[in-house]
Amino acid sequence: MTGKDNTVNFQAFARKAAERIQTRKTMKKKWLYVGALEEHIQIRGLTDQEAADCFEYSDNDHTNDKYIMYYASQTLQELAKYMKQEGMIQEELEVCDCISKVDRNQIVHEILELSGFYGKTTVKELKEVKK
């Protein structure tokens, strides 16, 4: 490979990398239906830093799951604000108690999937590298 060929390859690689970085900055959103409540909630993906903050919120995994749900759902945040103002709950995270454990697990899974933690990998081992 000549030096010029290498430059062209890195230019194309850099373009693809820059496009991918820009795409990852756009947080994906989706609506979920919670059958037990007969209501819809909107969730969004988390940035790497937001996810790290959520995972470190508490030593208790169940509390962290509630925080992830609350943090990633404007719907739950608005509901918590209303319920707290009306004296129905004391702390915002209590809003997550209206959702069963199994549904909470699924919602957290959906949030983490939107955040890029789950999905199909594109990485595979190469037996031989073409030069």
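Can you give me the accessible area per residue for the chain, using a 1.4 Å probe, in Å²?
Each residue of the chain exposes 77 Å² on average to a 1.4 Å probe.
Using a Förster distance of 30 Å, how high is the FRET efficiency between Met88 and Gln49, based on the Cβ-Cβ distance and rounded to 0.05?
In this case the efficiency is close to 0.40.
Tally Lys/Arg at +1 and Asp/Glu at -1 over every other residue whose Cβ is under 12 Å from the Cβ of Lys29; what's the total?
+2
Using Cα pairs closer than 8 Å and at least 6 residues apart in sequence, work out the relative contact order for the chain, in percent.
For the chain, the relative contact order is 23 percent.
7 Å from Cα along Cα→Cβ at both Cys98 and Glu113: what's the point-to-point distance in nm?
Roughly 2.4 nm, to one decimal.
Modelled label-to-label distance, Gln74 and Tyr33, 7 Å Cα→beta-carbon offset: nm?
2.3 nm
Can you give the calculated 222 nm mean residue ellipticity of the chain, where each DSSP H run of n ≥ 4 adds -39,500 (n - 2.57) and the sum is split over every residue, rounded to the nearest 500 deg cm²/dmol?
-17000 deg cm²/dmol
Using the alpha carbon gyration tensor of the chain, what are the three equivalent-ellipsoid semi-axes (square root of 5 times each eigenvalue), largest first, in whole Å?
Taking √(5λ) for each Cα gyration eigenvalue gives 41, 15, 13 Å.
Mind ranking 66-76, 45-55, 30-40, 115-125 by how tightly packed they are, going by the mean number of other C-beta atoms within 10 angstrom, highest first?
Result, highest mean first: 66-76, 45-55, 30-40, 115-125.
Cross-link list Lys66/Lys120; Lys16/Lys81; Lys16/Lys66; Lys30/Lys84; Lys101/Lys124: which exceed 30 angstrom alpha carbon to alpha carbon?
Lys16/Lys81; Lys16/Lys66; Lys101/Lys124
Peptides 10-18, 101-109: what's the order by average Cβ count within 10 Å, highest mean first?
Descending mean neighbour count gives 101-109, 10-18.
If ligands, DNA and RNA are left out, what is the accessible area of Glu56 with a 1.4 Å probe, given in Å² to the nearest 10?
For Glu56, solvent-accessible area is about 140 Å².
Could you please state how large a percent of the accessible area of segment 34-123 is carbon and sulfur, counting protein chains only and using a 1.4 Å probe?
46 percent
The values are calculated or read from the model by the stated rules, or taken from the named source; none is laboratory data. Everything numeric here is computed off the predicted structure, so don't read it as measured data. Cβ: placed from backbone, ideal geometry, glycine included. Neighbour counts: every protein chain shown. These area figures cover heavy atoms from the full protein model, side chains too; ligands, DNA and RNA do not enter into them. Shrake-Rupley method; radii C 1.70, N 1.55, O 1.52, S 1.80 Å.
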